[in-house]
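K.L.:
First the structure, which I've put down as structure tokens, then a few questions once you've had a look.
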Amino acid sequence: AAKQTGEPVRRWTPALDERAGEFVRLGAEIRTGLDNEQFRVVYQPIVELPSGRVAAVEALVRWEHPTRGLVSPIAFIPVAERNGLIVELGEWILRTACHKLAGWRVTLGERAPDRVSVNVSARQLARPHFAATVAAALSGSGLPASCLAIEVTETAVFEGGQAVIALHELRALGVRIALDDFGTGHSSLGLLQTVPVDILKVDKSFVDNVTEAGRHTVIAEALLQVSSGLGLSAVAEGVETAEQAAALHRLGYRLLQGYHYGRPVAEPDFELTAAITTSG
Ligand code: C2E
Ligand code: CA
Ligand code: CA
Ligand code: CA
């Protein structure tokens with residue numbers, strides 16, 4: 001049931017650090033891109049086992065640059081963070097994603113995913129009134145707060161301060177908090193004591209070798225135990241093969257995301273994915 005359709009493979013990824021002039025130029029082009037509607041949002045399914053239902057989607061931004069082609073967010077998000085345009089871009093992504101799910105809830109009814117998960121950068125989270133921005137996006141789209149998750153990285157919340165205050169405010173609204181790339185930071189477990197979290201997104205690096213008995217498998221299992229012990233849900237990221245899905249299912253994972261189930265696209269297929277993992 002793996003879907004190989006989707007995004008063009010042409011991708012432009014510069015060695016940005018070595019090219020300061022290019023960095024500045026790209027920053028200016030983000031401004032133009034915002035004004036000329038060159039950005040769009042795609043959605044990747046997060047599948048629930050054993051049903052194969054698309055329980056949620058993750059919103060991921062895309063930049064269709066008129067001459068550079070499809071520019072990877074890995075290349076332009078850091079630029080937008082540095083020049084501050086991430087705030088405007090991020091608000092647009094948030095509003096777009098909320099509108100999208102609100103629309104699916106109307107057109108698809110029960111087949112619509114329960115939740116859309118939106119990535120938020122450190123700089124957005126650290127701004128005062130971030131939670132008010134989220135509340136505005138929710139009321140503007142009519143999407144219930146429980147249908148939104150905000151994905152933050154460990155580094156974004158590591159410093160504490162305003163970012164953690166914002167997470168508490170989001171929680172109070174009823175928005176879910178997902179800790180992204182979990183396990184790759186330097187204080188993953190420590191953060192769980194101080195930061196309000198609902199969902200752990202277990203990084204792809206632990207999924208890659210989960211079919212072989214070894215360190216990664218032990219860690220993937222331990223992260224799941226931590227998550228269920230704390231009453232959180234765990235999503236395994238970067239699942240590319242049926243074998244990985246089966247291994248994760250055996251470990252107890254119930255929410256999986258990756259190319260095996262679908263690439264990020266404008267309109268994901270919400271039909272039930274064929275039961276891929278059967279054995280317990
Ligand atoms: P992320 O939040 O960890 O997102 C997951 C990335 O892994 C996405 O790359 C997704 O397309 C990719 N992916 C999903 N399944 C698989 C798989 O099975 N195999 C492999 N190899 N990759 C998979 P993408 O869309 O290029 O985004 C890269 C990063 O850029 C994201 O990592 C996130 O940190 C950032 N990003 C993307 N969209 C946004 C956004 O709207 N706002 C912010 N602040 N950051 C974003
Ligand atoms: Ca993410
Ligand atoms: Ca991630
Ligand atoms: Ca990542």
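K.L.:
Please find, among G231, G252, G174, G262, the residue that is within 16 Å of ligand 3 (Cβ to nearest atom), within 18 Å of A55 (Cβ to Cβ) and either out of contact with any Lys or Arg (no Cβ under 8 Å at 6 or more places or on another chain) or not β-branched (V, I, T) (or both).
P.N.:
When all the criteria are applied, what remains is G262.
K.L.:
Let me ask you something else. Which residues, taken from the stretch 192-210, are modelled with pLDDT of 90 or more and away from ligand 1 (no atom under 14 Å from the Cβ)?
P.N.:
Answer for the stretch 192-210, where residues must be modelled with pLDDT of 90 or more and away from ligand 1 (no atom under 14 Å from the Cβ): L192, V195, P196, V197, D198.
K.L.:
Assuming T155 fulfils every condition listed in (1) in contact with a His (Cβ under 8 Å, 6 or more places away or on another chain); (2) outside any loop (DSSP other than H, G, I, E, B) apart from one, which condition is it?
P.N.:
Single failed check for T155: (1).
K.L.:
Among the residues of the stretch 128-140, write down those that are under 29 Å from G109 (Cβ atoms) and over 20 Å from the mean Cα position of the chain (by Cα).
P.N.:
Passing the criteria: A136, S139, G140.
K.L.:
In this structure, does S146 turn out to be open to solvent by 50 Å² or more (accessible area, probe 1.4 Å), touching a strand residue (DSSP E or B) at 6+ places or on another chain (Cβ under 8 Å) and either outside any helix (DSSP H, G or I) or small (G, A, S) (or both)?
P.N.:
So S146 fits the description; yes.
Yes/no matrix, rows are residues, columns are (1) within 16 Å of ligand 4 (Cβ to nearest atom); (2) buried (at least 16 other Cβ atoms within 10 Å of the Cβ); (3) hydrophobic (A, V, I, L, M, F, W, C):
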{"residue": "D203", "(1), (2), (3)": "yes, yes, no"}
{"residue": "F206", "(1), (2), (3)": "yes, yes, yes"}
{"residue": "T211", "(1), (2), (3)": "no, yes, no"}
{"residue": "H216", "(1), (2), (3)": "no, yes, no"}
{"residue": "A220", "(1), (2), (3)": "no, yes, yes"}
{"residue": "Q225", "(1), (2), (3)": "no, no, no"}
{"residue": "L230", "(1), (2), (3)": "no, no, yes"}
{"residue": "A236", "(1), (2), (3)": "yes, yes, yes"}
{"residue": "E243", "(1), (2), (3)": "no, no, no"}
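K.L.:
For the stretch 175-199, give me each residue that is more than 12 Å from ligand 2 (Cβ to nearest atom) and in a strand (DSSP E or B).
P.N.:
R176, I177
K.L.:
Would you mind telling me which numbered condition in (1) of a type in the set (S, T, Y); (2) open to solvent by 60 Å² or more (accessible area, probe 1.4 Å); (3) within 16 Å of ligand 3 (Cβ to nearest atom) T153 fails?
P.N.:
(2)
K.L.:
Checking Y261 against (1) farther than 25 Å from T133 by Cα; (2) hydroxyl-bearing (S, T, Y); (3) open to solvent by 50 Å² or more (accessible area, probe 1.4 Å): exactly one of these is not met. Which one?
P.N.:
(3) is the only condition that Y261 fails.
K.L.:
Taking the residues in the stretch 161-201 that are surrounded by fewer than 15 Cβ atoms within 10 Å (Cβ to Cβ) and farther than 22 Å from R127 by Cα as candidates, determine which candidate is farthest from ligand 4 (Cβ to nearest atom).
P.N.:
Q193
K.L.:
Could you say whether any residue in the stretch 129-142 is modelled with pLDDT under 95, assigned to a helix (DSSP H, G or I) and open to solvent by 50 Å² or more (accessible area, probe 1.4 Å)?
P.N.:
No, the stretch 129-142 has no match at all.
K.L.:
Grab the strands (runs of 3 or more DSSP E) fully contained in the stretch 17-124, keeping just those with 1 or more residues being out of contact with any Asp or Glu (no Cβ under 8 Å at 6 or more places or on another chain) and without any contact (Cβ under 8 Å) to a residue 40 or more places away in the chain.
P.N.:
Of the strands (runs of 3 or more DSSP E) lying wholly inside the stretch 17-124, those with at least 1 residues that are out of contact with any Asp or Glu (no Cβ under 8 Å at 6 or more places or on another chain) and without any contact (Cβ under 8 Å) to a residue 40 or more places away in the chain span 53-65.
The values are calculated or read from the model by the stated rules, or taken from the named source; none is laboratory data. The structure presented is a predicted model; accordingly, all values stated were derived computationally and were not measured. Cβ coordinates were reconstructed from backbone atoms using ideal geometry, including for glycine residues, and neighbour counts include every protein chain displayed. Accessible surface is based on the protein model in full, side chains and every heavy atom, while ligands, DNA and RNA are left aside. Shrake-Rupley method; radii C 1.70, N 1.55, O 1.52, S 1.80 Å.
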